1. Under 7 Å by Cβ, and 6 or more places apart or on different chains, what pairs join a residue from region 58-85 that is touching a residue at least 40 places away in the same chain (Cβ under 8 Å) with one that is in a helix (DSSP H, G or I) and of a type in the set (Val, Ile, Thr)?
2. Restrict the check to region 71-83 and report whether at least one residue is of a type in the set (Phe, Trp, Tyr), at pLDDT below 95, under 22 Å from residue 273 (Cα atoms) and not in a helix (DSSP H, G or I).
3. Would you check which residues across region 87-101 are more than 12 Å from residue 112 (Cα to Cα), part of a helix (DSSP H, G or I) and in contact with a helix residue (DSSP H, G or I) (Cβ under 8 Å, 6 or more places away or on another chain) and list them?
4. Which of the residues belonging to region 16-44 are assigned to a loop (DSSP other than H, G, I, E, B), within 18 Å of the chain's Cα centre (by Cα) and surrounded by fewer than 18 Cβ atoms within 10 Å (Cβ to Cβ)?
5. Say we look at region 105-147 and pick out the residues that are at pLDDT 95 or above, of a type in the set (Ser, Thr, Tyr) and part of a strand (DSSP E or B); which of these is surrounded by the fewest Cβ atoms within 10 Å (Cβ to Cβ)?
6. Within region 182-205, track down each residue that is assigned to a helix (DSSP H, G or I) and farther than 23 Å from residue 251 by Cα.
7. Give me a count of the residues in region 217-262 that are over 19 Å from the mean Cα position of the chain (by Cα), assigned to a helix (DSSP H, G or I) and without any contact (Cβ under 8 Å) to a residue 12 or more places away in the chain.
8. Considering only region 192-213, state which residues are among the charged types (D, E, K, R), in contact (Cβ under 8 Å) with a residue 24 or more places away in the chain and closer than 16 Å to residue 150 by Cβ.
Amino acid sequence: MQFNKYEDINIFWNDTKELLEKEEWYNCLMIGNCMEGTQKGKVDWFLATITNNNGNIELIMLYRKPWKLILYSPSNNYSDEILEFAANEIYKYDKELLGVNSEKRVANKFAKYYCNLSNMKYIVHTGLRILLLENIEKGKLLNDVIYRKATLDDKQILVKYIQDFMKEALNEECDYKKAEEKFNEYFEKGYYVLEKDNKIICQANTSRVMKYGKCVSGVYTPKEERGKSYAYNLIYRISKELLNKGDKYCVLYTDDANPISNHVYEKIGYKRKSNWEELDFIK
């Protein structure tokens, strides 16, 4: 096996793009990062592959602080041998890796090897489900709500909702400037709301726009409006619109510990395809 570290995001993307796009829905996170990186032109990220004796890529790795390392094997080779080799090579470059975010079994295997080297411990930050929608079920929709794209007039309330979502879902403080930047990003890619009596009661956005589909994220309903099927109604409408316009799929990354929201998405037709874990490495 050979470890190959890249300094140029464009060369890394050129070498891995075709492999990542074979399972585009699964690799939304890594593909999204690569697309962002190539637009910037130059990035200070950890980019690497492991190739076998025939020169074929067995493992793809991407890491940008403050986020966690992402791992993907095009050949589904997550053997102890290759993950231990990856941990040893990565440790040479970064002895204080923040963590790993990958399929559950892969993340835990890698964490074991890396933390043995670094004398660190690993804990679960978040358990994630990847839910995939290719065919939508017949829905029961509310008639007293308005579904529409967000406008600039919605900015003030949606910036607040972004702050509330970041705090509640990700346990992250988000100041106004950062939330405003996210609003602008969502507005450009696709920002949707559900409205009732002139009040926005639910929001969501398309965060990663892929070649064949889109990732729906940022689903948020204010606490006082929950339990009224608003999230179901919004995600159903967004998903149906995207599929009708030609997307082959929609994908959602959801909290594995939230059975209520996962059940809502499954009623729309989203199916669980993979379980991921985001692990923190701590001293």
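1. 58/82; 60/16
2. The answer is yes; a qualifying residue exists.
3. Residues satisfying the conditions are 90, 91.
4. 22, 23, 24
5. 147
6. Passing the criteria: none in range.
7. Total meeting the criteria: 5.
8. Passing the criteria: 195, 196.
The values are calculated or read from the model by the stated rules, or taken from the named source; none is laboratory data. Just so it is clear, the structure is predicted and the values come from calculations on it, not from any experiment. Using ideal geometry, Cβ is built from the backbone for each residue, glycine included, and neighbour counts are taken over all protein chains shown.
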